[in-house]
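This report refers to the structure that appears directly beneath it.
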Amino acid sequence: MNLVIASATFLFFLAFSGLTFAGSAVALVVSTPLFIIFSPILVPATISTTLLASGLAAGTSLGLSAIGLIMRLIKPAGGTSLLFSSPTPLNL
(Lines give C-alpha, C1' and ligand atoms only; values in the text may rest on other atoms or scores of the structure.)
Protein backbone atom coordinates (compact mmCIF):
# COMPACT_ATOMS: atom_id res chain seq x y z
CA MET A 1 0.00 0.00 0.00
CA ASN A 2 2.85 2.37 0.85
CA LEU A 3 4.43 1.76 -2.53
CA VAL A 4 1.19 2.69 -4.33
CA ILE A 5 0.85 5.91 -2.33
CA ALA A 6 4.54 6.70 -2.82
CA SER A 7 4.29 6.08 -6.55
CA ALA A 8 1.27 8.37 -6.87
CA THR A 9 3.02 11.06 -4.82
CA PHE A 10 6.17 10.63 -6.89
CA LEU A 11 4.27 11.06 -10.13
CA PHE A 12 2.44 14.11 -8.81
CA PHE A 13 5.66 15.77 -7.62
CA LEU A 14 7.46 14.91 -10.84
CA ALA A 15 4.64 16.22 -13.04
CA PHE A 16 4.26 19.39 -10.99
CA SER A 17 8.02 19.86 -11.03
CA GLY A 18 8.14 19.53 -14.80
CA LEU A 19 5.29 21.97 -15.29
CA THR A 20 6.81 24.51 -12.92
CA PHE A 21 10.26 24.18 -14.44
CA ALA A 22 9.01 24.39 -18.04
CA GLY A 23 6.72 27.33 -17.32
CA SER A 24 9.44 29.27 -15.55
CA ALA A 25 11.99 28.55 -18.28
CA VAL A 26 9.59 29.68 -21.02
CA ALA A 27 8.66 32.81 -19.08
CA LEU A 28 12.33 33.64 -18.55
CA VAL A 29 13.13 33.18 -22.25
CA VAL A 30 10.15 35.30 -23.32
CA SER A 31 10.79 38.07 -20.80
CA THR A 32 14.54 38.46 -21.39
CA PRO A 33 14.19 40.56 -24.59
CA LEU A 34 11.66 42.75 -22.80
CA PHE A 35 14.17 43.35 -20.01
CA ILE A 36 16.76 44.43 -22.58
CA ILE A 37 14.36 46.76 -24.40
CA PHE A 38 12.98 48.33 -21.22
CA SER A 39 16.26 48.45 -19.30
CA PRO A 40 15.51 51.75 -17.46
CA ILE A 41 12.89 49.89 -15.45
CA LEU A 42 15.37 47.91 -13.36
CA VAL A 43 13.41 47.39 -10.15
CA PRO A 44 10.41 45.58 -11.70
CA ALA A 45 12.80 43.62 -13.92
CA THR A 46 14.78 42.52 -10.88
CA ILE A 47 11.62 41.51 -9.06
CA SER A 48 10.37 39.55 -12.05
CA THR A 49 13.70 37.82 -12.54
CA THR A 50 13.80 36.89 -8.89
CA LEU A 51 10.32 35.40 -9.09
CA LEU A 52 11.17 33.45 -12.24
CA ALA A 53 14.39 32.14 -10.73
CA SER A 54 12.43 31.12 -7.64
CA GLY A 55 10.04 29.22 -9.88
CA LEU A 56 12.95 27.37 -11.48
CA ALA A 57 14.36 26.55 -8.05
CA ALA A 58 10.95 25.36 -6.85
CA GLY A 59 10.55 23.11 -9.88
CA THR A 60 14.00 21.65 -9.36
CA SER A 61 13.46 21.02 -5.66
CA LEU A 62 10.08 19.38 -6.28
CA GLY A 63 11.68 17.09 -8.84
CA LEU A 64 14.50 16.17 -6.47
CA SER A 65 11.94 15.54 -3.72
CA ALA A 66 10.00 13.21 -6.00
CA ILE A 67 13.12 11.29 -7.00
CA GLY A 68 14.29 11.09 -3.38
CA LEU A 69 10.88 9.84 -2.27
CA ILE A 70 10.69 7.05 -4.80
CA MET A 71 14.31 6.01 -4.19
CA ARG A 72 13.73 5.97 -0.41
CA LEU A 73 10.66 3.76 -0.75
CA ILE A 74 12.02 1.40 -3.38
CA LYS A 75 15.27 0.72 -1.48
CA PRO A 76 13.60 -1.07 1.50
CA ALA A 77 11.69 -3.29 -0.94
CA GLY A 78 15.04 -4.51 -2.28
CA GLY A 79 16.47 -5.56 1.06
CA THR A 80 18.06 -3.41 3.72
CA SER A 81 16.66 -0.27 5.23
CA LEU A 82 18.65 2.20 7.28
CA LEU A 83 15.52 3.15 9.18
CA PHE A 84 14.92 -0.28 10.72
CA SER A 85 18.49 -1.52 11.08
CA SER A 86 19.62 -2.28 14.61
CA PRO A 87 22.23 0.06 16.01
CA THR A 88 25.64 -1.36 16.77
CA PRO A 89 26.55 -1.28 20.47
CA LEU A 90 29.37 0.98 21.55
CA ASN A 91 32.35 -0.79 23.08
CA LEU A 92 33.72 1.50 25.77
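General observations
- Semi-axis lengths, largest first, of the ellipsoid equivalent to the range 1-59 are 35, 10, 4 Å, with √(5λ) applied to each eigenvalue of the Cα gyration tensor.
- Subtracting the Cα-Cα distance of Ala57 and Val30 from 0.36 nm times their residue separation leaves 7.9 nm of extension gain.
- Ordered from highest to lowest accessible area with the whole protein assembly present and a 1.4 Å probe, Ser17, Ser61 read as Ser61, Ser17.
- Accessible area of Leu28 in the full protein assembly, 1.4 Å probe (Å², nearest 10): 60 Å²
- Here the extension length gained between Thr46 and Ile74 equals 5.9 nm, from 0.36 nm per residue of separation less the Cα-Cα distance.
The values are calculated or read from the model by the stated rules, or taken from the named source; none is laboratory data. All of these numbers come straight from a predicted model, not from anything done at the bench. Accessible surface is based on the protein model in full, side chains and every heavy atom, while ligands, DNA and RNA are left aside. Shrake-Rupley method; radii C 1.70, N 1.55, O 1.52, S 1.80 Å.
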